[in-house]
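The structure appears below as structure tokens.
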Amino acid sequence: MVDDARWMAAAVAIGERGRGRTAPNPAVGCLIVRDGQVIGRGWTQPGGRPHAEAVALEQAGDVTGATLFVTLEPCAHDSVRGPACADLLIAARPARVVVALVDPDPRTAGRGIARLRDAGIRVDVGCGAAGAAASMAGFLLRQRAGRPHVTLKLATSLDGRIAMADGRSRWITGDRARRHAHLERARCDLIVAGAGTVRIDAPRLDVRIGGLTDRSPRRGVLTRGQAPAGWERIAAPEAVAGLAGIDTVLVEGGAGAAAAFVRAGLVDRLLLYRAPILVGAGLAALGDIGLDALHEAHGRWRLVDARMLGSDRLEVYDRVTD
Ligand SMILES: NC(=O)c1ccc[n+]([C@@H]2O[C@H](COP(=O)([O-])OP(=O)(O)OC[C@H]3O[C@@H](n4cnc5c(N)ncnc54)[C@H](OP(=O)(O)O)[C@@H]3O)[C@@H](O)[C@H]2O)c1
């Protein structure tokens, strides 16, 4: 069981390679292991096909006696773009299949697992579920709530400012923190900035890390007016729910846009980069979020990661949902 957890964690890490490129399909990871050796590995390919299992099976060839670890239940539905993964597995006949999460897609929703079991293949479910759920948060939220997963990024001074009083904000954080933020960009489907930021900073909002420059996501501007050329118009925070192919969104500020997403109850994760500087009179990180009483602010966010990036500190918070 310890080994199962270790292999599944590796399958989740492999699945991460597809993040930001597979929507509307989830970024699944798959490892095939025999006698402690990996004989096949796969992750969902750009555009959502081939699926991770198909890639790993192709690589492994003969999977007799092997265990297949997959972060999401193998699909049970045929598609014009490829056969159902459950059927591919039944034809290949690994000794065992370990699945982290049941697929909430109503076309599968337990049918993939049932089909494997009916064919006499042992299936264990639930190993590494938390890690897989975090990795596929956008897909899962889209299936369950009909909207994408939203991360809000803020780069602040120690005193919570995101810009000088005159609007200048380059740069608050250092090089390592900014590169980390670029990596986060590469892992989402859409980046959104407020019209004020687009006007003041004219940001590119692309990915500028060597090897990942082809992974810049779509970019949108939150505005009640017209979007400038090259920007998708996002008329309201709630509008992201209606965008096809968008399961993960990164909101990059400024204060007005950030507050609008928080006020709409749409922020699921906070990325807080804090630089060891004081700005004093400047722009606060968030505008009005509609808070009526201080006690309402408590218990809303849970710290899930904290680390130093050069001299800046990154803290990651998830919204408390239970
Ligand atoms: N340090 C950081 O992390 C960081 C990141 C980004 C920006 N910044 C700084 O933040 C400053 C800009 O912040 P800001 O607050 O002035 O502007 P902003 O948040 O970038 O944009 C505000 C605009 O967003 C639109 N908007 C807001 N709520 C909306 C809603 N509910 N529905 C539709 N549209 C909505 C409106 O655009 P319309 O008026 O066009 O309708 C509004 O004027 C700049 O100084 C920039 O340098 C800092």
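The values are calculated or read from the model by the stated rules, or taken from the named source; none is laboratory data. These figures come from a predicted structure and were not determined experimentally. When we count neighbours, we look across all protein chains shown, and the Cβ atoms used for this are built from the backbone with ideal geometry, even at glycine. Note: accessible area is taken over every heavy atom of the protein model, side chains too, but ligands, DNA and RNA are not part of it. Shrake-Rupley method; radii C 1.70, N 1.55, O 1.52, S 1.80 Å.
Observations on the structure shown:
- Tally of residues being in contact with a Phe, Trp or Tyr (Cβ under 9 Å, 6 or more places away or on another chain), open to solvent by less than 10 Å² (accessible area, probe 1.4 Å) and either farther than 19 Å from L243 by Cβ or within 8 Å of the ligand (Cβ to nearest atom) (or both) across the stretch 186-220: 1
- Some residue of the stretch 166-175 being open to solvent by 30 Å² or more (accessible area, probe 1.4 Å), among the hydrophobic types (A, V, I, L, M, F, W, C), at pLDDT below 95 and more than 23 Å from the chain's Cα centre (by Cα): yes
- The C-beta contact set for the stretch 1-25 (first residue closer than 12 Å to A132 by Cβ, second residue assigned to a helix (DSSP H, G or I), distance under 7 angstrom, 6+ apart or interchain) comprises A9/G131; V12/G131; V12/A132; V12/S135; G15/A52; G15/S135; E16/S135.
- Sole residue being surrounded by fewer than 17 Cβ atoms within 10 Å (Cβ to Cβ) and either more than 17 Å from the chain's Cα centre (by Cα) or basic (K, R) (or both), chosen from R93, R21: R93
- Among residues of the stretch 250-295, those that are over 16 Å from G160 (Cβ atoms) and touching a residue at least 24 places away in the same chain (Cβ under 8 Å), counted: 13
- Within the stretch 92-114, the residues that satisfy the criterion of being at pLDDT 95 or above and basic (K, R) are R93, R96.
- Some residue of the stretch 137-153 being open to solvent by 20 Å² or more (accessible area, probe 1.4 Å), under 13 Å from E252 (Cβ atoms) and either within 13 Å of the ligand (Cβ to nearest atom) or in contact (Cβ under 8 Å) with a residue 40 or more places away in the chain (or both): yes
- Residue in the stretch 154-168 that is over 22 Å from V262 (Cα atoms), more than 9 Å from the ligand (Cβ to nearest atom) and either in a strand (DSSP E or B) or outside the structural domain of V70 (by TED's automatic domain parsing) (or both) present: yes
- Condition check for G245: more than 10 Å from the ligand (Cβ to nearest atom), within 27 Å of N25 (Cα to Cα) and either touching a residue at least 24 places away in the same chain (Cβ under 8 Å) or assigned by TED's automatic domain parsing to the domain that holds A137 (or both): yes
- Qualifying residue in the stretch 30-43 (condition: assigned to a loop (DSSP other than H, G, I, E, B) and either among the basic types (K, R) or buried (at least 20 other Cβ atoms within 10 Å of the Cβ) (or both)): no
- Within the option set G20, G36, G61, G65, being under 30 Å from H182 (Cα atoms) and of a type outside the set (A, V, I, L, M, F, W, C) holds for one residue only, G20.
- Top-ranked residue in the stretch 204-220 [being in contact with a strand residue (DSSP E or B) (Cβ under 6 Å, 6 or more places away or on another chain) and of a type outside the set (G, A, S); ranked as modelled with the lowest pLDDT]: L205
- Any hit, the stretch 230-241, residues being over 21 Å from the mean Cα position of the chain (by Cα), open to solvent by 40 Å² or more (accessible area, probe 1.4 Å) and away from the ligand (no atom under 11 Å from the Cβ): yes
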